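Single-structure report; data block below.
The values are calculated or read from the model by the stated rules, or taken from the named source; none is laboratory data. Just so it is clear, the structure is predicted and the values come from calculations on it, not from any experiment. Here the Cβ positions follow ideal geometry from the backbone for every residue, glycine too, while neighbour counts run over all protein chains shown. The area values use the complete protein model at the heavy-atom level, side chains included, leaving out ligands, DNA and RNA. Shrake-Rupley method; radii C 1.70, N 1.55, O 1.52, S 1.80 Å.
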Amino acid sequence: QVQLVESGGGLVQPGGSLRLSCAASGVIFGINDMGWYRQAPGKERELVAAITYGGTTNYADSVKGRFTISRDNAKNTVYLQMNSLKPEDTAVYSCNADVIVRFGVRRSCWGQGTQVTVSS
């Protein structure tokens, strides 16, 4: 099975920074789009940032200019650099990957999530 494992979450003060990572492992022939989602208490899950295999990125308006998504295709890993964090960024952050697991077969895979708390 393909597994995605996030790391890097934690508690940070407003204005601080965190760097999340998500590594995919298993039998993987390729990964198309990868993305970071978040879900705050009492709110629906939302897309934070996404990146294509070729490096094209897309961000939610609320994080644009503060967050940077990147990926290392050789390591099957996606990153989310979060700067100038705000309390409203507090959420469980989960990564998603569109994985090619065998010829002609794609799977949308999710990590279990990592908690990011921004508070003074």
Yes or no: S7 at pLDDT 95 or above, exposed (fewer than 14 other Cβ atoms within 10 Å of the Cβ) and either under 16 Å from T114 (Cβ atoms) or in contact with an Asp or Glu (Cβ under 9 Å, 6 or more places away or on another chain) (or both)? yes
Going by what's in this entry, would I31 be described as under 28 Å from V101 (Cβ atoms) and in contact with a helix residue (DSSP H, G or I) (Cβ under 8 Å, 6 or more places away or on another chain)? yes
Counting only residues that are closer than 20 Å to S62 by Cβ, small (G, A, S) and surrounded by fewer than 18 Cβ atoms within 10 Å (Cβ to Cβ), how many does segment 19-36 have? 0
Return only the number of the condition from (1) more than 14 Å from T114 (Cα to Cα); (2) open to solvent by 50 Å² or more (accessible area, probe 1.4 Å) that Q39 does not satisfy. (1)
Any idea which residue in segment 63-82 is nearest to G16 (Cα to Cα), counting only those that are open to solvent by 60 Å² or more (accessible area, probe 1.4 Å) and in a loop (DSSP other than H, G, I, E, B)? G65
Name the residues in segment 89-120 that are over 15 Å from the mean Cα position of the chain (by Cα), of a type outside the set (A, V, I, L, M, F, W, C), surrounded by 11 or more Cβ atoms within 10 Å (Cβ to Cβ) and under 15 Å from G16 (Cα atoms), would you? T117
Need the failing condition index for I51 against (1) within 13 Å of T77 (Cα to Cα); (2) in contact (Cβ under 8 Å) with a residue 40 or more places away in the chain; (3) surrounded by 14 or more Cβ atoms within 10 Å (Cβ to Cβ), just the number. (2)
